[in-house]
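What follows is a set of notes on a single structure, which appears directly below.
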Amino acid sequence: MTVQAILNELVNHTSIHVIVINTSPPPERFSAKKTRLNSDKMRRMASTIRQYLRNIKPSNAVLVFASNRSAFFTVYVPMLLLLARMYHRPFYLKPFGEPWTCT
């Protein structure tokens with residue numbers, strides 16, 4: 001099931017208010033090539049955290065979708081989990097992407 005399909009289903013429930021915080025770069029800046037941390041990524045990170053903090057207080061729970069091969073997964077998720085715990089909100093994580101393998 002895709003993230004969009006899950007969000008479409010959640011919208012059908014009037015008791016659930018869905019807030020989406022998209023951390024992806026704009027299409028014109030997307031590159032399949034891995035890049036180091038730069039000012040654009042730092043601005044996106046700061047924007048994401050601000051939106052998260054603004055929206056977590058009135059929320060009943062946090063649901064995060066993240067690629068298991070991204071910096072978001074390894075850097076953001078622990079920080080978001082910590083913030084959810086500080087606000088006593090349940091935290092649910094839905095990783096997607098390639099399965100982990102050991103070679």
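The numbers here are math on the coordinates, done by the rules we state, and not lab data. These numbers were taken from a predicted model, which means no experiment stands behind them. Glycine gets a Cβ as well: all are built from the backbone with ideal geometry, and neighbour counts include every protein chain shown.
Taking amide hydrogens as placed 1.01 Å from N in the peptide plane, the amide H of VAL64 sits under 5 Å from those of TYR92, LEU93, LYS94, each at least 5 positions away in sequence or on another chain.
What number comes out for the charge environment of VAL64, summing +1 per Lys or Arg and -1 per Asp or Glu over other residues with Cβ under 14 Å away?
Working: positive: ARG85, ARG89, LYS94; negative: none.
Here the charged neighbours net out to +3.
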